[in-house]
Amino acid sequence: MHVLTVDDDPDALDLLEHALTRFGYHVTRATNGQEALEQVRTGRFQLVVSDWEMPHMTGPELCREIRRRGSSGYIYFILLTSRSGTQNVVDGLNAGADEFLTKPFDPYELYVRLRVAERILTLESRDIVIFSLAKLAEARDPDTGAHLERIRAYCYALAVQLSKTERYRGTIDGDFAQMIYLTSPLHDIGKVGIPDAILLKPGRLTAEEFEIMKQHSPIGAATLDAAASAYPSAKFLQMARDIALTHHERFDGGGYPRGLRGEQIPLCGRIVAVADVYDALTTRRVYKPAYSHDVAKSIIVEGRGSHFDPYMVDAFLAIEDQILDIKSQFCDATEQEGDALREWQDSSDNGVGMAKV
Amino acid sequence: MNDSFDTGAPRMATWGATGAISPTIFDGLGPARSSVAGSNRPLDVQQLLERCLGSRQLVERVLNSFETRFEPEFQAIGAELTGGDPEAVAKAAHRFKGACANAAADELARLVAELETAALSEHLEHAQSVYDRLPEAWGRFQEASAAFRRDARN
């Protein structure tokens, strides 16, 4: 990773450069704010370590200018300062700095803070990439508009509600809720592997076509599983895989691709199942209008214990107002929606002979 | 509301890979100190070595550079004291304080910090008295620096 170091003191730059190079970073030096801004404009830097006191432009002023100009990606800004006191910290944070290091710096502390910076930058990139991937998959699908935004918001709200229940208090925490918010948009990523003729077919699928369509679950799961194996510490990939694989499973074992039943289906898959079906029901399709919330709710309730985990349905009912708020917040009534409903209907009827609603 | 976590808008994710610190980087330097500054030694060689990650060559380069800086920085502070502008004195002192800290010239850094504080409080008389003590501290630094170089050669 490239680091831009900014200091008007050449000795300080030498010391920084030596340490950073030893830590494996590529270092570029700037001796004042203007020079630093020119370097930042090259787009090579995501990490800036700057002195506070410099002639013409101070570190906080440089930071403020970088934030004002914006850039292609987030720039993590570390201020080096011999200043202490709350007001200085507040001034630095107000300028947009992410971190402070006391001068003269301790290399151990510098190293640790740089690792933190890298993790944060990586996470930001990861979140963007995940959502972009999901959007890419969605682009091949007639599902449009804010489908992914609604799905993740429904899932998050359901997870939060479940975390308040006796049954799931010990299972679902803030991280789980955040993780399902992040990963649920990937539920249909496997659709990139489904031929257009089937994916985009406006009418009902034949039994053969539906068998192919069902492959989107294992295709998505296999893709995410490969990533999860390569990065075993990235827990979100495991959840994303579970969701992709199991969000069409039914609580009574009648779903696909494996016919899992009850708690054999991962919790995240059971949550997404409710959110996905509700969204399919309440948005317009080429072959149907959007159902009202009440109709969709009655279908969800009807599926309690058969299609859906009863606890998920109870959580859905408990946050009905929130569900309506999300639906209204991410409304795209004029856009055509995809075939999640058709899949739901087909899976309910083994994919054959299901009339359009 | 949930009592276990914030139920507001989801944040950008905060879990993920953690990086282990390479054990080789700090080999031979001992545990990192909570603060690399703070002694009152004319020259804290150990601290400087830590900051240079054990490179004696870099330590020497930093010391050489610092030794060329004392005189002009000292003169600059003196000129500002003569000018009588506390803010200008403080600014010159702050700049030199950073240079002293970089070179692990702790005694000088502490004195210059005192000088800066006096100037910021507009106590220029006290600032002048601290200033007058700098040459002696500088002498002690030079002795320590020379001793380090002798040791390095042996």
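Here are the numbers:
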| item | result |
| --- | --- |
| Failed condition for A:Thr144, given (1) at pLDDT 90 or above; (2) of a type in the set (Ser, Thr, Tyr); (3) farther than 30 Å from A:Gly59 by Cα | (1) |
| Pick from region A:223-243, criterion free of Cβ contacts under 8 Å to residues at least 12 places away in the same chain and more than 14 Å from every other protein chain (Cβ to nearest Cβ), ranking: nearest to A:Asp196 (Cα to Cα) | A:Ala226 |
| Region A:16-37: number of residues that are touching a Phe, Trp or Tyr at 6+ places or on another chain (Cβ under 8 Å) and within 13 Å of chain B (Cβ to nearest Cβ) | 3 |
| Sole residue being surrounded by 12 or more Cβ atoms within 10 Å (Cβ to Cβ), over 20 Å from the mean Cα position of the chain (by Cα) and modelled with pLDDT of 50 or more, chosen from B:Pro86, B:Pro42 | B:Pro86 |
| Candidates A:Gly220, A:Gly253 - the one that is part of a helix (DSSP H, G or I), under 20 Å from A:Val277 (Cα atoms), modelled with pLDDT of 90 or more and among the small types (Gly, Ala, Ser) | A:Gly220 |
| Among (1) buried (at least 19 other Cβ atoms within 10 Å of the Cβ); (2) touching an Asp or Glu at 6+ places or on another chain (Cβ under 9 Å); (3) at pLDDT below 95 - the single one A:Tyr291 does not satisfy | (2) |
| Tally, over region A:294-315, of residues that are touching a helix residue (DSSP H, G or I) at 6+ places or on another chain (Cβ under 6 Å), closer than 30 Å to A:Lys201 by Cβ and either not in a helix (DSSP H, G or I) or not aliphatic (A, V, I, L, M) (or both) | 1 |
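Yes/no matrix, rows are residues, columns are (1) in the same structural domain as A:Leu13 (by TED's automatic domain parsing); (2) buried (at least 18 other Cβ atoms within 10 Å of the Cβ); (3) free of Cβ contacts under 8 Å to residues at least 40 places away in the same chain; (4) among the β-branched types (Val, Ile, Thr):
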site: A:Leu62; (1), (2), (3), (4): yes, yes, no, no
site: A:Gly73; (1), (2), (3), (4): yes, no, no, no
site: A:Leu80; (1), (2), (3), (4): yes, yes, no, no
site: A:Gln87; (1), (2), (3), (4): yes, no, yes, no
site: A:Ala95; (1), (2), (3), (4): yes, yes, yes, no
site: A:Pro104; (1), (2), (3), (4): yes, yes, no, no
site: A:Arg113; (1), (2), (3), (4): yes, yes, yes, no
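Every residue, every condition in (1) more than 8 Å from every other protein chain (Cβ to nearest Cβ); (2) assigned to a helix (DSSP H, G or I), yes or no:
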position: A:Leu114; (1), (2): yes, yes
position: A:Leu123; (1), (2): no, yes
position: A:Val129; (1), (2): yes, yes
position: A:Glu138; (1), (2): yes, yes
position: A:Ile151; (1), (2): yes, yes
position: A:Gly170; (1), (2): yes, no
position: A:Asp175; (1), (2): no, yes
position: A:Met179; (1), (2): no, yes
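The values are calculated or read from the model by the stated rules, or taken from the named source; none is laboratory data. Model, not experiment: these values are computed from the prediction. Neighbour counts run over all protein chains shown; Cβ positions are idealised from the backbone, glycine included.
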